[in-house]
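Input: a single structure, listed below in structure tokens.
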Amino acid sequence: MSNTLKIYLLALISFLVGTSEYVIAGILDKISEDIGVSVSAAGQLITFFSLTYALGTPILMALTGRIERRKLLLYAMVVFVLGNLLAIALPGFGLFIAARIIMALGAGVVVVTSLTLAAKMAAPGKQASAIATVVTGFTAALIIGIPIGRMVAASYDWKSVFGGIGVLGLLAIIMIVFAIPRYDGEPSVPLREQLALLKTPKIAAALGVTFLWIVGYSIPYTYISPYLLQVTAMSENTLSIALFGFGVASLIGSKLGGYSTDRWGVKRTLMGGMLVHAAALLLISFSASSSAIVFPLLMLWSFAAWSSGPTQQYNLLTLAPSASSIMLSLNTSVLQLAMAVGASAGGLIVAKVSLPSITWIGAFGVLLAVVLIVLSRKLTSNREPATVPSVAPQA
């Protein structure tokens, strides 16, 4: 097997992990009905997953830095598969949360290790493309994984989704054993030195933008299925099509976001994308009763939201080019933490306010990110690299 095919194998593994994380939003109502909890309570499954991913991954990667990379990937995949199998075997909501936590502990290490292995296997000068290929697996989870998960849950039951992911994960483990070469581990960077980057005002402000933007996205996204079924009155078939279109729009938005950043710069692309993001959510609020209007607005929302992804990553790299891997790791942790906060806040909003209010409250969160971009303009207008605290590998 060529290294190119091995990198695509890592992308497929990334797809499985991404599907396990994102699919909850597509089957939230099914889980709620089957387990006997409210929709707002079921949404906390995303909170627990994202919070565990955000806090657990940096710690686990620091503790496992010296372990041979293929072995670490295998260990993490075993934990991930175990979490999925426990999700179908254990009864009750509390034990399902425990299974989600186990999934997340394995998932975070799987993704980071897959990115590392892809960069190592890539030809000289092709490392960035290899990493992008693996990241595409996550995008594919939105495009393919969520609508397929919805169809499986509608035809059988929601536990079948996690059973399928677990079986595919077992096959992936076998393929890793025979296809992925061994690579030595690397000295890890202590967490206190990674967190020292947050003392730089430009970096703290940029990560704050990530947090507010994703919180605003996560509040409505977590409850998108019950919203479309109950508020917009979409049929089951239309919902599956809408989720597929949502994923396709996210891919197009991500691609055009990168193009726009190269052509018009970070600030214009970020502000433009987030303003359209907020506007789309507000328009959905005003036209929620019409599925014919909401359907294209969903595509616009997804397109605008995901256009900010590559732009924000590039922005962070330019702020601290000497610590690029740590910056991306911090951004991922902040993103997952924001997903957890957004899902939790969305649950409170659904329970205490109303399900229809999640879209305009989400728009408010995105607008706060725009305000932070404006307020931090003096910090970000200087395109010279930020003064970054010394970050040295741990001996």
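The values are calculated or read from the model by the stated rules, or taken from the named source; none is laboratory data. Please read all numbers here as calculations on a predicted model, not as lab measurements. When we count neighbours, we look across all protein chains shown, and the Cβ atoms used for this are built from the backbone with ideal geometry, even at glycine. For the accessible areas, the whole protein counts, side chains as well, though only heavy atoms, and no ligand, DNA or RNA atoms are used. Shrake-Rupley method; radii C 1.70, N 1.55, O 1.52, S 1.80 Å.
Number of residues in segment 284-311 that are assigned to a loop (DSSP other than H, G, I, E, B) and either without any contact (Cβ under 8 Å) to a residue 24 or more places away in the chain or open to solvent by less than 40 Å² (accessible area, probe 1.4 Å) (or both): the value is 3. Contact map, segment 36-61: residues that are over 25 Å from residue 158 (Cβ atoms) paired with residues that are open to solvent by less than 40 Å² (accessible area, probe 1.4 Å) and part of a helix (DSSP H, G or I), Cβ distance under 7 Å, separation 6+ or inter-chain. Pairs shown: 57/108; 57/109; 57/333; 58/194; 58/333; 60/108; 60/109; 61/109. Condition check: at pLDDT 85 or above and over 21 Å from the mean Cα position of the chain (by Cα). Does residue 276 satisfy that? It is false that residue 276 is at pLDDT 85 or above and over 21 Å from the mean Cα position of the chain (by Cα). Among the residues of segment 255-270, those that are in contact (Cβ under 8 Å) with a residue 40 or more places away in the chain and within 16 Å of residue 316 (Cβ to Cβ) comprise 257, 258, 261, 266, 267, 269, 270.
Restricting attention to segment 174-195 and to residues that are crowded, with 17+ Cβ neighbours inside 10 Å and of a type in the set (Val, Ile, Thr), the residue that is modelled with the lowest pLDDT turns out to be 189.
Which residues, taken from segment 137-153, are open to solvent by 50 Å² or more (accessible area, probe 1.4 Å) and closer than 14 Å to residue 22 by Cβ? Selection gives 144, 148.
For segment 34-98, which helices (runs of 4 or more DSSP H) that fit wholly inside it have 1 or more residues that are at pLDDT 90 or above? Give the derivation first.
Values: elements: 39-42, 44-63, 69-89.
So the answer is 44-63, 69-89.
Answer yes or no: is there a residue in segment 260-274 that is touching a helix residue (DSSP H, G or I) at 6+ places or on another chain (Cβ under 8 Å) and under 24 Å from residue 356 (Cβ atoms). Within segment 260-274, one or more residues are touching a helix residue (DSSP H, G or I) at 6+ places or on another chain (Cβ under 8 Å) and under 24 Å from residue 356 (Cβ atoms). Among residues of segment 17-39 being open to solvent by less than 10 Å² (accessible area, probe 1.4 Å) and touching a Pro at 6+ places or on another chain (Cβ under 8 Å), the one that is nearest to residue 146 (Cα to Cα) is 26. Of the residues 72, 82, 12, the single one that is surrounded by 19 or more Cβ atoms within 10 Å (Cβ to Cβ) and in contact with a helix residue (DSSP H, G or I) (Cβ under 7 Å, 6 or more places away or on another chain) is 72. Taking the condition over 29 Å from residue 75 (Cβ atoms), in contact with an Asp or Glu (Cβ under 8 Å, 6 or more places away or on another chain) and crowded, with 17+ Cβ neighbours inside 10 Å, does residue 226 pass? So residue 226 passes the test.
Does residue 343 qualify as being crowded, with 16+ Cβ neighbours inside 10 Å, at pLDDT below 90 and under 24 Å from residue 309 (Cβ atoms)?
Numbers: crowded, with 16+ Cβ neighbours inside 10 Å: yes; at pLDDT below 90: yes; under 24 Å from residue 309 (Cβ atoms): yes.
Here the answer is yes, as residue 343 does meet what is asked.
In segment 365-395, which residues are at pLDDT 90 or above and touching a helix residue (DSSP H, G or I) at 6+ places or on another chain (Cβ under 7 Å)? Hits for segment 365-395 are 365, 366, 367, 368, 369, 370, 372.
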